[in-house]
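The values are calculated or read from the model by the stated rules, or taken from the named source; none is laboratory data. Source: prediction; values computed, not measured. Virtual Cβ from ideal backbone geometry, glycine too; neighbours counted across all protein chains shown. Note: accessible area is taken over every heavy atom of the protein model, side chains too, but ligands, DNA and RNA are not part of it. Shrake-Rupley method; radii C 1.70, N 1.55, O 1.52, S 1.80 Å.
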Amino acid sequence: IVIEFLAAEAITQFDAVYVSTTTGRVGRANAAAAGTMPAIGIAIEAQGSAGSSVRVLTHGVYRDDGGFGGNMTVGVPLYTNDSVGVLTVTAPSDDGDFVQKMGVAIGVRSAFINPSMDIIEHA
């Protein structure tokens, strides 16, 4: 499922994004900032400026040949990160971080995106 939004800021392809409660636009999610959570999906294209349209994958499979910093292990969950927009295979663990599952690795470079709207604050 892909939904088109307006960007609240510059967005990089494959960034985890949230919907702003003030503008209704999407911005880059950050597990260390409550106002940027929960993430609703990932940007499937880069968008260089606020106000431009950006398509967001909210449910489905995507392949990222250049990202993740290395191969993923099949079956391992993906989480939002305290690095803005980044997905990670390690749940955030600092006090005040928000833990949100974004999906699961289904291949070494493929992920099934299905964001949980449940987030837990790490204490």
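Residues in the range 104-123 that are open to solvent by less than 30 Å² (accessible area, probe 1.4 Å) and closer than 15 Å to PHE14 by Cα: ALA105, SER110, ALA111, ILE113, PRO115.
For the range 85-98, filtering for residues that are assigned to a loop (DSSP other than H, G, I, E, B) and either surrounded by fewer than 15 Cβ atoms within 10 Å (Cβ to Cβ) or in contact (Cβ under 8 Å) with a residue 60 or more places away in the chain (or both) leaves 9.
All conditions in (1) in a loop (DSSP other than H, G, I, E, B); (2) surrounded by fewer than 16 Cβ atoms within 10 Å (Cβ to Cβ); (3) without any contact (Cβ under 8 Å) to a residue 40 or more places away in the chain hold for GLY35, with the sole exception of (1). Candidates VAL54, VAL74: the one that is open to solvent by less than 20 Å² (accessible area, probe 1.4 Å) and either in a helix (DSSP H, G or I) or farther than 18 Å from MET117 by Cβ (or both) is VAL54.
Across the range 40-51, which residue is most open to solvent (accessible area, probe 1.4 Å) among those that are of a type in the set (Gly, Ala, Ser) and under 12 Å from PHE14 (Cα atoms)? Please lay out each step first, then the result.
Let us first name the residues in the range 40-51 that are of a type in the set (Gly, Ala, Ser), namely 41, 43, 46, 48-51.
Next, only the ones that are under 12 Å from PHE14 (Cα atoms) stay: 41, 43, 46.
Numbers: GLY41: 0, ALA43: 0, ALA46: 68 Å².
Ranking the qualifying residues of the range 40-51, first place goes to ALA46.
Selection over the range 57-71 of residues that are at pLDDT below 90 and either at positive phi or in a loop (DSSP other than H, G, I, E, B) (or both) gives a count of 8.
Please give the number of the condition LYS101 fails out of (1) open to solvent by 20 Å² or more (accessible area, probe 1.4 Å); (2) at pLDDT 95 or above; (3) closer than 23 Å to LEU6 by Cα. Among (1) open to solvent by 20 Å² or more (accessible area, probe 1.4 Å); (2) at pLDDT 95 or above; (3) closer than 23 Å to LEU6 by Cα, the lone unmet condition for LYS101 is (3).
Restricting the range 1-32 to residues that are over 26 Å from ASP65 (Cα atoms) and among the polar types (S, T, N, Q) leaves a set whose member that is least open to solvent (accessible area, probe 1.4 Å) is SER20.
Among the residues of the range 1-32, those that are out of contact with any helix residue (DSSP H, G or I) (no Cβ under 8 Å at 6 or more places or on another chain) and outside any loop (DSSP other than H, G, I, E, B) comprise VAL2, ILE3, GLU4, PHE5, LEU6, ALA7, ILE11, ALA16, VAL17, VAL19, VAL26.
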